[in-house]
Amino acid sequence: MAPKAAAGKKPAEKKPVEEKKAEGVPAEKKPKAGKKLPKDASGADKKKKKAKKSIETYKIYIFKVLKQVHPDIGISSKSMGIMNSFINDIFEKLAQEASRLARINKKPTITSREIQTAVRLVLPGELAKHAVSEGTKAVTKFTSS
Amino acid sequence: MAAKGKTLASDSAASGKKSLSRSQKAGLQFPIGRIARFLRNRKYAQHIGTEATVFLAAVLEYLATEVLEIAGNVARDNKRLRIIPRHIQLTVRHDEELNTLLDDVTICSSGVIPKNHNNLLRIQNVC
């Protein structure tokens, strides 16, 4: 019994010693500047962290279209940037032309008619015909649903 | 009053209609809502029709599909699994209508179409 009690006592005794030692170690190291700074910096970051401003692109939609057309082909990030710039460029061309058409005809509204005329003016030949048919199909499906 | 509220909730639950995005209604991948916001905020006109945004989104999606399809074929011909800017350049410059549309556009890191001018070739004697 006695040795068991002694054995039981020993680890219990050791623990406070270990705790004291553990307490002593950071206490000794506290005055050193090395450990303090990252803690403070992380704390400051947590308080002052600015929310990242989101940039809107067409990249996820271009990726979805690529997977519809070629499920096994990927695209590099530079090519994705090129495609994003292409979509933005065509969007501006069509919107500017539609705006000009509405203004020339003294109408305050851009309707699908202005967009269709802008597509016929901006896109060349067969590309315009196919684009108009795609647009008309989408509008019909949208209005029927 | 409570009964009215209950019937409304029960109607929506009974019909099982999930709220669909406008892109899903039109069967498109491109964002109709975002394009509508761009048209409104950038002051192209006082008012923007709802069908105009659907039409424009459809046209942009068609053009993206056109370019990506041909670029994918070019990538596959060159035994690559990834589209790089060179493939987009070859796509655009070999297609007459896309070349006309992007006549004044420079594509970064894409090279040129291989071409030798006739006057730079050796004189071939015609017998």
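Restricting the search to segment B:77-109, which residues are more than 21 Å from A:Lys93 (Cβ to Cβ) and more than 7 Å from chain A (Cβ to nearest Cβ)? Let's see the steps before the verdict.
Of all residues in segment B:77-109, those more than 21 Å from A:Lys93 (Cβ to Cβ) come to B:77-87, B:90, B:94, B:109.
Across segment B:77-109, the qualifying residues are B:Asp77, B:Asn78, B:Lys79, B:Arg80, B:Arg86, B:His87, B:Leu90, B:His94.
Yes or no: B:Gln29 touching an Asp or Glu at 6+ places or on another chain (Cβ under 9 Å) and either at the interface with chain A (Cβ under 7 Å from one of its Cβ atoms) or surrounded by fewer than 19 Cβ atoms within 10 Å (Cβ to Cβ) (or both)?
Yes, satisfied.
Considering each of B:Leu68, B:Leu39, B:Leu60, B:Leu28 in turn, give the residue that is among the hydrophobic types (A, V, I, L, M, F, W, C), under 14 Å from the mean Cα position of the chain (by Cα) and within 16 Å of A:Asp89 (Cα to Cα).
From the options B:Leu68, B:Leu39, B:Leu60, B:Leu28, the qualifying one is B:Leu60.
Residues are listed down the side, and each one gets a yes or a no for (1) at negative phi; (2) within 8 Å of chain B (Cβ to nearest Cβ); (3) modelled with pLDDT of 95 or more:
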residue: A:Phe91; (1), (2), (3): yes, yes, yes
residue: A:Ala95; (1), (2), (3): yes, yes, yes
residue: A:Leu101; (1), (2), (3): yes, no, yes
residue: A:Pro108; (1), (2), (3): yes, yes, yes
residue: A:Ile115; (1), (2), (3): yes, yes, yes
residue: A:Val119; (1), (2), (3): yes, yes, yes
residue: A:Gly125; (1), (2), (3): no, yes, no
residue: A:Lys129; (1), (2), (3): yes, no, yes
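Report every pair of residues separated by at least 6 positions or lying on different chains whose Cβ atoms are under 7 Å apart, first residue within segment A:75-102 and closer than 23 Å to B:Arg76 by Cβ, second modelled with pLDDT of 95 or more and among the charged types (D, E, K, R).
Sorted first by the residue in segment A:75-102, then by its partner, the pairs are A:Ile75/B:Arg82; A:Ser76/B:Arg82; A:Met80/A:Lys59; A:Asn84/A:Lys59.
Quick grid of which residues meet (1) over 32 Å from the mean Cα position of the chain (by Cα); (2) surrounded by 18 or more Cβ atoms within 10 Å (Cβ to Cβ); (3) part of a helix (DSSP H, G or I):
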residue: A:Ala98; (1), (2), (3): no, yes, yes
residue: A:Glu114; (1), (2), (3): yes, yes, yes
residue: A:Val119; (1), (2), (3): no, yes, yes
residue: A:Lys129; (1), (2), (3): yes, no, yes
residue: A:Gly135; (1), (2), (3): no, yes, yes
residue: A:Ala138; (1), (2), (3): no, yes, yes
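Give me a count of the residues in segment B:43-69 that are charged (D, E, K, R) and within 7 Å of another protein chain (Cβ to nearest Cβ).
Residues in segment B:43-69 being charged (D, E, K, R) and within 7 Å of another protein chain (Cβ to nearest Cβ): 3 in total.
Return the only residue of A:Lys64, A:Lys106, A:Lys59 being surrounded by fewer than 23 Cβ atoms within 10 Å (Cβ to Cβ) and more than 17 Å from B:Glu66 (Cα to Cα).
Residue meeting the stated conditions: A:Lys106.
Could you check segment A:59-79 and list, in sequence order, the residues that are more than 7 Å from chain B (Cβ to nearest Cβ) and either under 19 Å from B:Ile35 (Cα atoms) or small (Gly, Ala, Ser) (or both)?
Across segment A:59-79, the qualifying residues are A:Lys59, A:Ile60, A:Phe63, A:Ser77.
Of the numbered conditions (1) acidic (Asp, Glu); (2) assigned to a helix (DSSP H, G or I); (3) more than 19 Å from B:Thr100 (Cβ to Cβ), A:Asp72 fails exactly one; give the number of that condition.
Unmet condition: (2).
The values are calculated or read from the model by the stated rules, or taken from the named source; none is laboratory data. These figures come from a predicted structure and were not determined experimentally. When we count neighbours, we look across all protein chains shown, and the Cβ atoms used for this are built from the backbone with ideal geometry, even at glycine.
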